[in-house]
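This report refers to the structure that appears directly beneath it.
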Amino acid sequence: MVYNFQGVNIFYKDLGKKNKDYVNVFLHGWGADSSNFDFCAKELKGQRNILIDFPPFGNSQTKLKNWTLFTYANMVMCLCEKLNIKKYNIIGHSFGGRVAIVMSVINKEKINKLVLVDSAGMKPKRKMSYYVKIYNYKLRKKLGLSIEKYGSKDYKLLDNDMKKIFTSIVNEHLEDYLKEIKAKTLIVFGEKDNVTPVYMAKKLFKGIKDSQLYLIKDAGHFSFLEKKIEFFSILNKFLTEEE
C-alpha cells in the first residue's frame, strides 16, 4: 500500500486483524526496510501490524529534500491517523527508535507501549581521535582537498540532499525527551552492539521512568534478527501482558 505524505510516496503494509484496539507499528533502522520485521508480523497475525518503509529505503520514494527526524515522526503519526488507529504500540530499531522516542513524547496520548531495539538517539561517547578526524575533514574541505575517505558507510551511499538529512538526524540527541515518555517501555539491546553500545541502553533505562531493560547475549546491533526466537518471545510477552 502507498500513502502520499507531503508529495512523497510512502510504502507500508497493513497486516493481521483489523479490529484490534491496539495496533503494532514497526519502524526499521537506517538503510534497512520493513521486511526486517516481517517475521514479527507473521507471528503476531492475531494483531494488527503496520510496517513502514522509511523513505528513501525499501519501496518508498527515493528522493527527499529538507526532511528532519521530526518530519519522519510526523509522517508516521499522520499515516496512523489516516488509518483511523486510535492507540498503538511502537517497535523501533536503531533510527526507528529515534522516531519512536519523538512520537512517544509528541503523541503520548496515543502510544500504548514502546519497544526500543538497539535504539539510536543517545549522545555517543567520543574519543580524541574522533575530533581529530572531524578537524581534518573540515580543514580538507575548506582547502578544496579530497574528503572521500571521510564519513560512515551509510553516509557515503547517500546523495547530497540525503547527506544533509542524515547529518541533521545523527546530531539530534534525545536525552531530554526521555523523562517525558509515559508509555510502558521495553528496551532490548544486543550485548555486543558496537553501533549503539550498551551504555546507551542504560541511558534509556535510567531516563524512562516505566521501563525495563533486556540484553541479548552474543548479539550485535541487529539483535532482533540475530536471535529471532529469543527476541520474539520477549516482545510477545511484553505486548500481550496486562497493564
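Quick notes on this structure:
- Some residue of the stretch 92-106 being more than 27 Å from GLN212 (Cβ to Cβ) and either without any contact (Cβ under 8 Å) to a residue 40 or more places away in the chain or assigned to a loop (DSSP other than H, G, I, E, B) (or both): no
- Taken together, the criteria exclude LEU79 from residues that are touching a Phe, Trp or Tyr at 6+ places or on another chain (Cβ under 6 Å), surrounded by 15 or more Cβ atoms within 10 Å (Cβ to Cβ) and in a strand (DSSP E or B).
- One residue from ASN89, ASN49, ASN59 being touching a residue at least 24 places away in the same chain (Cβ under 8 Å), over 15 Å from the mean Cα position of the chain (by Cα) and buried (at least 22 other Cβ atoms within 10 Å of the Cβ): ASN49
- Which numbered condition GLY31 fails, given (1) modelled with pLDDT under 95; (2) assigned to a helix (DSSP H, G or I): (2)
- Consider the stretch 182-212 and keep the residues that are small (Gly, Ala, Ser) and assigned to a strand (DSSP E or B). The one that is nearest to VAL117 (Cα to Cα) is GLY190.
- Among the residues of this structure, ALA41 does not count as one that is in contact with a Phe, Trp or Tyr (Cβ under 8 Å, 6 or more places away or on another chain), in a loop (DSSP other than H, G, I, E, B) and either at pLDDT below 95 or over 16 Å from THR71 (Cβ atoms) (or both).
- Among the residues of the stretch 44-82, those identified as among the polar types (S, T, N, Q) and modelled with pLDDT of 95 or more are ASN49, ASN59, SER60, THR68, THR71, ASN74.
- Residues considered: LYS123, LYS149, LYS141. Of these, the only one that is in a helix (DSSP H, G or I) and either of a type in the set (Asp, Glu) or modelled with pLDDT under 95 (or both) is LYS141.
Residue by residue, here is whether (1) loosely packed, with under 15 Cβ neighbours inside 10 Å; (2) more than 18 Å from the chain's Cα centre (by Cα); (3) among the β-branched types (Val, Ile, Thr); (4) within 21 Å of SER35 (Cβ to Cβ) holds:
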residue	(1), (2), (3), (4)
VAL170	no, no, yes, no
PHE189	no, no, no, no
ALA201	no, no, no, no
PHE205	no, no, no, no
SER211	no, no, no, no
GLY220	no, no, no, yes
PHE224	no, no, no, yes
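- Close pairs from the stretch 174-203: first closer than 21 Å to LYS87 by Cβ, partner crowded, with 18+ Cβ neighbours inside 10 Å and basic (Lys, Arg), Cβ under 8 Å, at least 6 apart: ALA183/LYS113; LYS184/LYS113; THR185/LYS113; LEU186/LYS113
- Output for the stretch 159-193, where each listed residue is closer than 30 Å to LYS227 by Cβ and among the aliphatic types (A, V, I, L, M): ILE169, VAL170, LEU174, LEU178, ILE181, ALA183, LEU186, ILE187, VAL188
The values are calculated or read from the model by the stated rules, or taken from the named source; none is laboratory data. What you are looking at is a predicted structure, and each value in this text was computed from that prediction instead of being measured. Positions of Cβ are backbone-derived with ideal geometry, glycine not excepted, and every protein chain shown enters the neighbour counts.
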